[in-house]
């Protein structure tokens with residue numbers, strides 16, 4: 001019997017940052033083979049997930065990336081009731097548009113199938129071909145209206161273009177119109193060629209990419225034009241929450257920082273959401289004190305090696321917030337921005353699906 005470490009929480013625990021990939025065999029159509037994930041054996045005979053022809057060893061158990069039944073067992077172990085599924089950072093924004101559209105649709109169908117099979121455990125976040133924002137808007141609308149997805153995961157940049165790229169405005173407009181939850185996740189961090197050792201492309205590069213994205217979103221006026229966007233930045237918002245005073249200073253002293261926006265950057269933080277993945281209690285408490293408990297939601301980054309193995313414990317150990325604020329972070333806020341019912345645990349019975357002994 002799996003141990004549910006969320007015992008004691010009153011609201012369903014919702015993880016907004018968990019990954020699932022559609023899995024293809026090495027024999028798939030040649031035009032997709034270089035761009036879609038598949039399983040293979042490495043030289044030692046170990047099963048590994050292949051991404052663009054390279055093994056991804058940061059996933060200790062590849063089955064947690066593509067098998068919904070295995071993912072549900074892990075959710076039970078960690079005390080998570082619902083996971084928002086999004087693809088791992090394989091956005092394919094560098095592909096020709098026809099391939100970008102096709103691979104987005106393939107991944108969206110895979111996520112939608114998992115949600116359809118286990119509707120009380122998963123909700124879906126789409127991926128879209130953001131290299132063409134008009135087509136991205138169309139795929140987002142299709143995913144939300146036809147596949148019942150709750151939003152979209154986008155990268156922190158679009159094939160070298162920052163998120164203040166004006167061509168993105170039609171996509172932002174459609175996302176705001178649909179009420180889409182937008183999970184912003186690092187893809188290829190700037191300076192990655194200098195971060196190959198020690199996994200720094202992830203440990204430093206990903207938070208840096210998130211920080212760059214937040215800076216461009218704020219200074220570029222995205223929130224001026226689309227104040228109802230539901231943007232959530234992973235990994236605790238990168239470094240930005242801890243350097244917000246520096247952004248405010250730039251607004252005061254640099255003319256280019258006040259060309260578009262007319263308020264301190266810190267004032268725009270009330271429009272943003274952040275997940276709990278900081279791996280350090282004082283940092284998470286600082287984040288909550290800075291942005292408010294109503295702007296922070298649970299994230300795990302499962303199934304990667306840097307995932308939070310005890311997301312409920314991460315929140316429950318916090319000493320600077322009330323029990324009501326913890327409930328808000330664990331599930332109430334996520335339910336609101338995902339557009340699902342924040343049912344209390346005593347009114348909610350998990351479907352067994354025959355997965356637990």
Original post:
Gap in Å between the Cα centre of the stretch 112-131 and the Cα centre of the stretch 278-338?
Top reply: 23
Original post:
Once fully extended, how much extra length lies between residue 336 and residue 310, figured as 0.36 nm per residue of separation less the alpha-carbon to alpha-carbon distance?
Top reply: 7.1 nm
Original post:
Looking only at the stretch 240-271, which residues have a backbone nitrogen under 17 Å from a spot 7 Å from the Cα of residue 289 in the C-beta direction?
Top reply: 240-246
Subject >> In Å, descending, principal axis extents of the Cα set of the stretch 256-299 >> reply: 36, 16, 16
Original post:
Considering only DSSP beta bridges with both partners in the stretch 91-341, what is the antiparallel share in %, to the nearest 5?
Top reply: 5
**OP:** Just order 230-239, 280-289, 123-132, 299-308 by mean Cβ neighbour count inside 10 Å, highest at the front, would you?
**Re:** 123-132, 230-239, 299-308, 280-289
Subject >> Mean Cα-pair separation over length for the chain, i.e. relative contact order, pairs under 8 Å, 6 or more apart, % >> reply: 20
Original post:
Assuming R0 = 25 Å, what is the FRET efficiency of residue 267 and residue 319, from their Cβ-Cβ distance, to the nearest 0.05?
Top reply: 0.35
Original post:
Does anything in the stretch 223-256 have its amide N under 13 Å from the 7 Å Cα→Cβ label point of residue 177, and if so which residues?
Top reply: none
**OP:** Identify which of the listed values of Cα Rg over 2.2 N^0.38 Å was calculated from the structure shown: (1) 1.05; (2) 1.24; (3) 0.95.
**Re:** (3)
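All of the numbers you see were taken from the coordinates with simple rules; none came from a lab. Owing to the predicted nature of the structure, the values given are computational and were not obtained by experimental measurement. Here Cβ is always computed from backbone atoms with ideal geometry, including for glycine, and neighbour counts include all displayed protein chains.
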